[in-house]
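The structure appears right after this line, and notes come after that.
The values are calculated or read from the model by the stated rules, or taken from the named source; none is laboratory data. Owing to the predicted nature of the structure, the values given are computational and were not obtained by experimental measurement. No Cβ is skipped: glycine too gets one built from the backbone with ideal geometry, and neighbour counts run over all protein chains shown. Please note that ligands, DNA and RNA were not included when accessible areas were found on the heavy atoms of the full protein model with its side chains. Shrake-Rupley method; radii C 1.70, N 1.55, O 1.52, S 1.80 Å.
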Amino acid sequence: MDGISVRDLRVSYGPKVVINSLDVDLPAGKVTTIIGPNGCGKSTFLRAVGRLVPSSGDILLSGRDIRSVPRKQLATRLSMLPQTPVAPEGILVKDLVGRGRHPHQSWFNQWSSKDHDVVAEALALTGSSDLAEQPVNELSGGQRQRVWISMVLAQQTSVMFLDEPTTYLDLSTSIDVLNLVRRLNTDLNRTIVMVLHDINLAARYSDNLVVLRGGDLKAEGTPADIISSTLLQEVFNLTALVREDPATGGPLVVPAAPGNE
Ligand SMILES: Nc1ncnc2c1ncn2[C@@H]1O[C@H](COP(=O)(O)OP(=O)(O)OP(=O)(O)O)[C@@H](O)[C@H]1O
Ligand SMILES: [Mg+2]
C-alpha cells in the first residue's frame with residue numbers, strides 16, 4: 001500500500017503560478033477526492049504529483065522522493081486517468097488497454113498470457129469487453145471513458161489517480177464506476193485519488209476530501225466533517241443547504257431553489 005505526502009508544492013505554467021505552497025496528504029489505502037471550482041488547479045495538482053508537469057517542493061511516495069523513482073518503475077505503482085486523454089489515431093480498444101501493461105514489460109519479459117488475461121479482465125470490469133476490436137476514435141464519449149478506465153485498471157498500480165472518471169457517463173454508469181473504485185480500494189487496498197465535480201457523489205465515495213480554491217487548500221477531512229453551507233459559499237460561491245443523505249446518513253448538498261440563490 002502506497003501513500004503520498006506533499007509538502008510546499010509549487011507549480012507554474014510559464015510565469016503563471018497555479019499552485020503556491022500546498023501541503024496535502026493522500027493516505028495509503030484510502031479514497032481521497034479533490035473538489036474545487038473550475039480552474040482552481042485540481043488537474044494540475046494530479047499532474048504535478050504524477051510527475052507529468054514540473055514542480056518544486058516535496059512529493060513523497062511511501063516516504064521516498066517520487067522524483068528519484070525511475071519513470072517506468074513509478075508507472076508500476078502510480079497510474080493516471082487524465083481529464084482529456086488522447087488516443088493514438090486508429091488504435092483499437094484492446095491495444096489501448098494493452099498499453100496499461102507496458103510498465104510491467106521489458107525486452108526479456110514481453111507480452112504474456114497474463115497480460116492478455118489482465119486486459120480482458122480490465123475490459124470486463126468496465127463492461128467494455130464487446131468493444132475490444134473497435135477503434136477507440138469511433139466510440140461514444142461514455143464508451144471511450146470506460147475504455148480509458150480499463151487501461152488504468154490494466155496497469156494494476158497501488159495508487160490510482162482518476163481525473164473526473166465519471167465524465168461523459170450516465171448516472172447509473174457513473175455509480176457503477178464509483179462502486180468499482182470503491183471495490184478496488186476495499187478488496188485490493190488501492191490508494192485512490194480522484195477529482196469529482198458532483199459533491200454528493202464525492203461525499204458518498206470518499207474517505208477524505210481535499211478542497212482547493214485558487215491553488216490553495218481550503219479544507220481537508222472527512223465529508224461529514226467538512227461539508228457545510230459556509231464552505232460551499234466560500235469555495236464555490238454556491239448557496240446550498242446541507243442535509244442528511246437519507247440513503248447514507250452522510251452530508252447531502254441541496255442547492256437553493258432558482259431565485260433563492
Ligand atoms: N498547459 C497549461 N498551460 C498554461 N496554463 C494552464 C495549463 N493547464 C492549465 N492551465 C491553467 O492552470 C489553471 C488550473 O488549471 P487546472 O486544469 O489544473 O484546473 P482544474 O481545477 O482541473 O479545472 P477543471 O475543473 O475545469 O478541470 C487554470 O487557470 C488553467 O487555465
Ligand atoms: Mg481539471
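A few notes on this one:
- Hits in segment 124-168 - residues which are among the aliphatic types (A, V, I, L, M) and under 26 Å from ALA48 (Cα atoms): VAL147, ILE149, MET151, VAL152, LEU153, ALA154, VAL159, MET160, LEU162
- Subset tally (residues that are within 20 Å of LEU78 (Cα to Cα) and part of a strand (DSSP E or B)) for segment 1-36: 14
- Of the residues making up segment 78-89, those that are touching a residue at least 24 places away in the same chain (Cβ under 8 Å) and either within 16 Å of ligand 2 (Cβ to nearest atom) or open to solvent by 50 Å² or more (accessible area, probe 1.4 Å) (or both) are MET80, LEU81, PRO82, GLN83, PRO85, GLU89.
- Here SER56 meets the list (1) within 13 Å of ligand 2 (Cβ to nearest atom); (2) farther than 24 Å from ASN237 by Cβ; (3) open to solvent by 10 Å² or more (accessible area, probe 1.4 Å) almost entirely, failing just condition (1).
- The number of residues in segment 169-220 being touching a strand residue (DSSP E or B) at 6+ places or on another chain (Cβ under 8 Å) and of a type in the set (Lys, Arg) comes to 3.
- Scan segment 37-53 for residues that are within 11 Å of ligand 2 (Cβ to nearest atom), part of a loop (DSSP other than H, G, I, E, B) and on the phi < 0 side of the Ramachandran plot and the total you get is 3.
- Within segment 96-122, being under 28 Å from THR44 (Cα atoms) and buried (at least 16 other Cβ atoms within 10 Å of the Cβ) holds for LEU96, VAL97, GLY98, GLY100, ARG101, PRO103, HIS104, ALA122.
- Selection over segment 39-90 of residues that are touching an Asp or Glu at 6+ places or on another chain (Cβ under 9 Å) and aromatic (Phe, Trp, Tyr) gives a count of 0.
- Summed over segment 1-45, the residues that are open to solvent by 50 Å² or more (accessible area, probe 1.4 Å), closer than 12 Å to ILE59 by Cβ and within 16 Å of ligand 1 (Cβ to nearest atom) give a count of 1.
- Number of the condition not met by THR239 [criteria: (1) surrounded by fewer than 21 Cβ atoms within 10 Å (Cβ to Cβ); (2) farther than 22 Å from THR84 by Cα; (3) in contact with a Lys or Arg (Cβ under 9 Å, 6 or more places away or on another chain)]: (3)
- Restricting attention to segment 84-100, the residues that are of a type in the set (A, V, I, L, M, F, W, C), more than 19 Å from the chain's Cα centre (by Cα) and part of a loop (DSSP other than H, G, I, E, B) total 1.
- Flag for GLU220 being in contact (Cβ under 8 Å) with a residue 12 or more places away in the chain, over 27 Å from HIS104 (Cα atoms), open to solvent by 10 Å² or more (accessible area, probe 1.4 Å) and in a loop (DSSP other than H, G, I, E, B): no
- Flag for ARG101 being among the basic types (Lys, Arg), touching a helix residue (DSSP H, G or I) at 6+ places or on another chain (Cβ under 8 Å) and on the phi < 0 side of the Ramachandran plot: yes
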